[in-house]
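Everything below concerns the one structure shown next.
Since every read-out is calculated from the coordinates, none of them should be taken as a lab result. In this text, all values refer to a predicted model and were calculated from it rather than measured experimentally. Positions of Cβ are generated from backbone atoms using ideal geometry, with glycine treated the same way; all protein chains shown enter the neighbour counts.
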Amino acid sequence: MANNTEVLKPWIVEALQSAGREMSVLEVAKFVWEHHEQELRDAGDLFYSWQYDLRWAAQVLRVEGVLKAKDGKRSGGWELA
């Protein structure tokens, strides 16, 4: 299976594009579960770590310039750049 981050990155983007606004981590996680539950269930170890891995995937998207930087903030929502 592909790297967990690579699996989750497009799902984060999908959630944010769908909403058209900044979303909380919880909102993104709910979207991912509602739209990709079966894929997660079929994904082996990812099923047990996906919510943790989702945060790492968001960090990678920030580094790549896909998500807005948090500018030192530890909390807050996720938003497309």
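Straight-distance candidates among the aspartates and glutamates for linking to K70, with alpha-carbon spacing under 19 Å and chain neighbours fewer than 8 residues away dropped: E22, E27, D53, E79. Taking the charge dipole of the chain about its Cα centre, with +1 at Lys and Arg Cβ atoms and -1 at Asp and Glu Cβ atoms, the residue from Y48, I12, S24 reaching farthest to the positive side is S24. Charge tally around V60: other residues with Cβ under 13 Å, Lys/Arg +1 each, Asp/Glu -1 each, net 0.
Remind me, relative contact order of the chain in percent, using alpha carbon pairs under 8 angstrom and six or more residues apart?
41
GNM on the chain, C-alpha springs below 10 Å: top fluctuator among Q59, Q51, Q17? Comparing Q59, Q51, Q17 in the GNM, the peak value goes to Q17. Mind checking the angle between helix 25-41 and the chain's longest principal axis? C-alpha axes, 0 to 90 degrees, to the nearest 10. Between the helix axis and the principal axis of the chain, the angle is about 20 degrees.
The angle separating the long axis of helix 4-19 from the principal Cα axis of greatest extent in the chain is about 60 degrees. Over the Cα atoms of the chain, the radius of gyration divided by the Kirkwood radius equals 0.95; this is the Rg/Rh ratio.
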